[in-house]
Amino acid sequence: MPDIWWKADPQDLHRLVDRVSSVYVERSHLDRDENAVVIINKQQTVRVPAAMVAVMLLGPGTRVTHGAIRLLADSGTAVCWVGEQGVRMYAAGLGPSRGAGLLHRQAWLVSRPKERLAVARAMYSMRFPGENVSTLTMQQLRGREGTRIRKFYEAQAERTGVPWNGRIYKPGDAFAAGDDLNRLLSAANAALYGICHAVITGLGASPGLGFVHTGKATSFVLDIADLYKAEYTIPLAFDLTAQGLTEERDARLGLRDLIAHDRLLSRIVTDVKSLLTPEGMELEDIEGNLLWDEHLGTVPGGTNYADLPAHGMTDNHIAVIGPEINDTEPTP
């Protein structure tokens, strides 16, 4: 089984100027030593400068101290609790020092129909290499995607000899629905959603602000995962069924090995950033203590504006100020 690619040696961790590299940890203890996170297990002890890590992925068998989590939070490092080899996303925490540039860009795009459609078209163009989708509507894109997926299922059935009778999925009980092939598809897709969720959270984007999908807290996760299903989860499910490997664990471990072998995490990072940022545009991932202003855009935070002239405000404004809460003098 190939070793997971982001188990980086300490000397490799300097590649984090763009804050996309991740460190995966399992069966180890994490503690803090000054400004470094110390990863300890029976074989080795590794010191990781916390400020250089974008995402810390905590896998099975991991114990972490409060001091380590506080250091990671202060460093603006996302912490994700994930399944084995980074597959499946259980929970995530984000330090208070991370900038919101990518999140603001995502919200700007998703709230404007023209820009949102442009991102959706870019997503579909990644699925239809060589095809021009620049003038298609969402309805046309959905129709073309439906035709493509139906033909792809049929091609996989012919390739493997596994009968295909259509996709059956029951929300909330996915693994109990349909035949073995459908259950393997559900299990593999769940694992793919996990790794996409971890990447999106680690980059500081919102899992809920989708462009094609909408209405769920993981809409953007579903958008990104759909880019890779035809390449990973669908062929994998057919191959496993053909081999008689029909347990959920078989799909999860099979996808885990593919993710590690193909370095899919790095590809997802690149794709998310390219979809949300124009070519050549870099969003600074720094903390900005700013306040929103409807006229000026932003103004500095940490400033008392009571004695400063405010834009558009005159002496005719009304202020209602209550007493101090420790004022115990009787009212006359």
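I'd like the accessible area for Lys229: 1.4 Å probe, protein heavy atoms, all chains in place, Å² to the nearest 10.
40 Å²
Ignoring ligands, DNA and RNA, how do Glu247, Glu26 rank by accessible area with a 1.4 Å probe, largest first?
If we order Glu247, Glu26 from most to least accessible, we get Glu247, Glu26.
What is the gain in length, in nm to one decimal, between Arg144 and Ala230 on full extension, counting 0.36 nm per residue of separation less the C-alpha to C-alpha distance?
Result: 29.5 nm gained on full extension.
Between Lys42 and Ser266, what is the label-point separation in nm under the 7 Å Cα-to-beta-carbon projection?
3.2 nm
So, in nm, how far is label Tyr90 from label Thr246 when the simple model puts each one 7 Å beyond its Cα toward the Cβ?
Once both label points are built, they end up 3.0 nm from each other.
Might you tell me the accessible area per residue for region 60-150, computed with a 1.4 Å probe and given in Å²?
Value for region 60-150: 52 Å² per residue.
The values are calculated or read from the model by the stated rules, or taken from the named source; none is laboratory data. Given the structure is predicted, the values throughout are model-derived calculations rather than measurements. Every residue, glycine among them, receives a Cβ derived from its backbone with ideal geometry; neighbour counts consider all protein chains shown. The accessibility values were calculated without ligands, DNA or RNA, using every heavy atom of the protein model including side chains. Shrake-Rupley method; radii C 1.70, N 1.55, O 1.52, S 1.80 Å.
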